[in-house]
Amino acid sequence: MSKLYFEDIKIGDKTEFGSKLVTKEEILEFAEEFDPQPFHLDEEAATNSIYGGIIASGWHTGGMLMRMMVDNMVNHRAGLGSPGFDDLRWIRPVRPGDRLRFESTVIEARKSKSRPDMGIIRAQVYLYNQNDEKVFAVKTIGMMKTRP
Amino acid sequence: MKYWEDFEVGTQLEFGKKTVTEEEIIRYAEKFDPQPFHIDKEAAAEHYYRGIIASGWHTAAMCMRMMVDGYLLDAASNGSPGVEELRWKQPVRPGETLHVKAEVLDRSLPKSRPELGFVKFSHKVFNQDGDLKMTMVSSGMFSRRPSDIKTLEANQ
């Protein structure tokens, strides 16, 4: 596949793909290393928490989102990295056995003022679960090369 | 145990001492962010980052671990609704040692859940030389101190 450049991206462009099955083993492994709170690790404590059972660390869901973007989008684009993101929302808990689907809509595409060889793309991204419920939202910011 | 009441606006916290190894950077990136400049030494050397750097999501996850050890396990934490803004200011490289400075920016009580409160924090991740690596404005949900719930409601 030939690479996409900044000029190839338009406001309103929609990208959808999936799906990623979330296993309990992965949830526990991530939480042990990065987010060892009881509702991510301990079945009994999680059942008694406001979540009623083990849920994925929100940062694990963020990592899964990144992996889905790398596998399906990033490698096909003349990307220059990202300065960060805005308005990340953990809307619903992600639980073992959930299947996540990715949906992204471009909301802004503008050339960099300081670097004419670069453009900035902002997108509203959602993850949905197998019941089509939104579980995760984030506004991504990506920098891309302009067409040489 | 710290409750919502203990996180007053202006409260400052400093915590964490996490040394990042190349092995950890590659292991995280192979799972979640397998771009060449995170997993492939040779490709990373040729890249404009000039050497392997940690995935930004890995830096955020390491910040989370420092937050958990730094204050969340000692608090009645109920998770988080989200992150208002996160910025990766500089790449994080193997061998760097990270720490966090946090400050309470704001807090609020939702009408629907009398037993919970929200606390908005600024978190800044620095390396051992004081270079700013990541900034994050995010919120946490904390249980109210059981004995204080009625008192506060009476004052509202």
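Where a number appears in this text, it was derived from the coordinates with a stated rule and is not lab data. Predicted model only: the values in this text are computed from it and were never measured. Here the Cβ is made from the backbone with ideal geometry for all residues, glycine too, and neighbour counts use every protein chain on show.
For chain B, a Kirkwood hydrodynamic radius built from all Cα pairs, placed in the Stokes-Einstein relation at 37 °C and 0.692 mPa s, yields a translational diffusion coefficient of 194 µm²/s. The C-alpha atoms of chain B define a longest principal axis, and helix B:22-32 lies at about 70 degrees to it.
Any chance you could list the semi-axes, whole Å, largest first, of the equivalent ellipsoid that the Cα gyration tensor gives for the protein assembly as shown, using √(5λ)?
Values: eigenvalues 220, 95, 76 Å².
Equivalent ellipsoid of the protein assembly as shown: 33, 22, 19 Å, largest first.
As a calculated quantity, the FRET efficiency between residue A:108 and residue B:6 at R0 = 51 Å, using C-beta atoms, amounts to about 0.80.
The angle separating the long axis of helix A:58-72 from the principal Cα axis of greatest extent in chain A is about 40 degrees.
Mind giving me the FRET efficiency for residue A:71 and residue B:137? R0 is 35 Å, r the Cβ-Cβ distance, nearest 0.05 is fine. Spell out each step's value before the answer.
Values: r = 29 Å, r/R0 = 0.84.
FRET efficiency, residue A:71 to residue B:137: 0.75.
Could you work out the per residue convex hull volume over the alpha carbons of chain A, in cubic angstrom? Working shown, then result.
Details: hull volume 16.8 nm³, N = 148.
Cα-based convex hull of chain A, divided per residue, equals 113 Å³.
Projecting label points 7 angstrom from Cα along Cα→Cβ for residue A:91 and residue A:15 puts them 1.9 nm apart. Against chain B, whose longest principal axis comes from its Cα atoms, helix B:56-67 is set at around 40 degrees.
Figure legend: label point modelled 7 angstrom from the Cα of residue A:7 along Cα→Cβ; residues of region A:114-148 with amide N under 14 Å from it are A:117-119, A:145-148. Potential lengthening of the chain between residue B:22 and residue B:105 amounts to 26.5 nm, from the contour at 0.36 nm per residue minus the alpha-carbon distance. For the residues of A:35-44, the average number of beta carbons from a partner chain within 10 Å of their own beta carbon is 3. Using the beta-carbon distance between residue A:115 and residue B:147 and R0 = 51 Å, what value does 1/(1 + (r/R0)^6) give for FRET efficiency, to the nearest 0.05? Efficiency, rounded to the nearest 0.05: 0.35.
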